[in-house]
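Before any comments, here is the structure.
Read-outs throughout are calculated quantities, based only on the coordinates presented, and are distinct from any laboratory measurement. Treat the numbers as computed from the prediction; the structure is a model and nothing was measured. All Cβ positions, glycine included, derive from the backbone under ideal geometry; neighbour counts span all protein chains shown.
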Amino acid sequence: MSVPLAPRSIRILGVPVHDVTAAETLDWIARFVDERGPHQLCTVNPEFIMAAQNDAEFMHVLNRSALNVPDGVGVLWAARRKGRRLRERVGGSDLVAQITDRAAVTGWKIFLLGAAEGVAEQAAAKLRMRHPNINIVGAFAGSPSIDQENDIVTRIRSATPDILLVAYGAPKQDKWIARNIARTGAAVAIGVGGSLDHIVGKQKRAPKWMQRVGLEWFYRLLREPRRWRRQLALPRFVWRVLRDKD
């Protein structure tokens, strides 16, 4: 599949979101790996957009990212509300699976960073069982703390990955990438949230039908009621989009 010179984007409450499909996203990642780096990719959902409204650093990161994929039916709805169309939701967890599938064929070198102690190593083992040819060059929990960055960057750089997957949760993971991607030597870095937990089975994803109709957030809320404060971002997002005149 040919990739255009630049993806079309729409700005939602100040955050650019690119009109890319999952297949096109993989093609962009392939181009970024060929070009080397650094390229940051963000999986933008309504929570990202609302967090950025009160976090200038996060807003800056999202505006400088090489690619912001539309992760969430709320983002697709907001685009339609503005008279534009984003063709497809590109879910973060699905994207990680697609990247690792492609990496097993292309030989992309992958480094897994973040999650709880030992989870990255378990995820690497699971992925190697699924794809014996996959080239995972490192797995490490580390910490998003600034005082640990130099040691973590040294570890990653010595592994020479093409793609760095960072699971510190948003916006910490995205800010960490923005500060450090150039020093890691990775061509592409992506914040992947709870994707490593999904790989090892520590967290379960919603049934496919709930994912298709955009109710994955509701499934997570049922399983983790303490998330209710975070879910308040969704009605606030709808209200802000309805009031937005840009």
task = Choose one answer from Ser93, Ser195, Ser158: the residue with the largest mean-square fluctuation in a GNM of the chain with alpha-carbon springs under 10 Å.
result = Ser158
query = What does the charge dipole of the stretch 9-200 about its Cα centre add up to, to the nearest 20 debye, if the Cβ of each Lys and Arg holds +1 and the Cβ of each Asp and Glu holds -1?
reply = 480 debye
ask   = Farthest toward the dipole's positive end in the chain, which of Ile110, Val188, Trp28, given Cβ charges of +1 (Lys, Arg) and -1 (Asp, Glu) about the Cα centre?
value = Trp28
key: Lys/Arg +1, Asp/Glu -1 at C-beta; the chain dipole; positive extreme among Pro235, Leu67, Leu86   = Pro235
message = For the ranges 42-48, 97-103, what's the packing order if you count other beta-carbon atoms within 10 Å of each residue, average per peptide, and put the highest first?
response = 42-48, 97-103
key: Nearest 10 degrees, 0 to 90: helix 92-106 Cα axis against the chain principal axis   = 40 degrees
remark   = Percent relative contact order for the chain, counting Cα pairs under 8 Å at least six residues apart, stands at 22 percent
task = Would you calculate the separation in nanometres between label points at Leu242 and Asp151, each defined as 7 Å from the Cα along the Cα-to-beta-carbon direction?
result = 5.0 nm
ask   = Along the Cα-to-Cβ line of Arg179, 7 Å from the Cα, sits a label point; which residues in the stretch 98-140 have backbone N less than 17 Å from it?
value = 113-115
key: Between the stretch 131-198 and the stretch 53-90, the Cα center-to-center distance that results, in Å   = 22 Å
request  = Please report the relative contact order for the stretch 144-186, taking Cα pairs under 8 Å with a sequence separation of at least 6, and give it as a percent rounded to a whole number.
outcome  = 58 percent
